[in-house]
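Here the structure is laid out as structure tokens; the discussion comes afterwards.
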Amino acid sequence: MAWLDFVIGHFVPERLIVRFKEERNVAGLVRLLERGEPYIRHLAAGALGELEDPAALDALLAALAGPDGEGVRWRAAEGLARLGPPAVDGLSALTSSGDPDVRWKAIVALGDSGDPRAVPVLCACLADRDRFVRRRAVSALARFGPASLQTLLQALSDRDPLVREGAARALGQLGDPGAIDGLIEALNDPVESVRRAVAASLITLNPEG
């Protein structure tokens, strides 16, 4: 790929990104994503996401897990969400990253992926040690609609109170009346914060109840 390095070194990177995108030149965009300045990496990640080519999967995962700058991680997460099912395994692995910024962006991408395989992974994220990450997991689970209902109802009995609380909140956001009976049972939870979350979701689902 020496010729590609030569091209990148002698042309304006912004123009190259436009050209590579038009040509669907994934290899060229990946090279810019890996070696460019933060602003150029941001543009390259966005272009790769718009192409929705699985050949960009590894590069986008690396960009999400790597150093941030000019919103590179966020653009990588958006691109991975567009890839959908091919990206689920890699995104799931990143929900265990030591960096909470990487974790929550991976969680958002999983929620946008539309792949139900992400639901149990997101349920596990309800126990994340970072409050913001847990909230992202709640919102991501709610995006799956009925596909996440049974998993969330089961999570109301999880050993971890953070998971139970998050599941209760997600069920409220889900807006499915099928959650009401399970939430009523959860009103007896021994942890006050869980009971409060359950009560709030019941009010949301059945405001006249």
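The values are calculated or read from the model by the stated rules, or taken from the named source; none is laboratory data. Since the model is a prediction, treat every value here as computed from it, not as a measurement. Backbone-built Cβ (ideal geometry, glycine too); neighbour counts: all protein chains shown.
Some observations on this one:
- Condition check for residue 181: loosely packed, with under 15 Cβ neighbours inside 10 Å, within 22 Å of residue 93 (Cβ to Cβ) and out of contact with any helix residue (DSSP H, G or I) (no Cβ under 7 Å at 6 or more places or on another chain): no
- Scanning the stretch 140-167 for residues that are polar (S, T, N, Q) and either at pLDDT below 90 or over 18 Å from residue 200 (Cα atoms) (or both) yields 148, 150, 151, 154.
- Helices (runs of 4 or more DSSP H) wholly inside the stretch 106-194 containing at least 2 residues that are touching a residue at least 12 places away in the same chain (Cβ under 8 Å) and within 23 Å of residue 85 (Cβ to Cβ): 118-125, 131-142, 149-155, 161-174
- Selection count, the stretch 126-138, where residues are crowded, with 16+ Cβ neighbours inside 10 Å and under 15 Å from the mean Cα position of the chain (by Cα): 8
- Tabulated pairs, the stretch 59-77, first surrounded by fewer than 22 Cβ atoms within 10 Å (Cβ to Cβ), second assigned to a helix (DSSP H, G or I) and aromatic (Phe, Trp, Tyr), C-beta under 7 angstrom, 6+ apart or interchain: 70/39
- Identity of the residue in the stretch 1-28, among the β-branched types (Val, Ile, Thr) and modelled with pLDDT of 85 or more, that ends up nearest to residue 55 (Cα to Cα): 26
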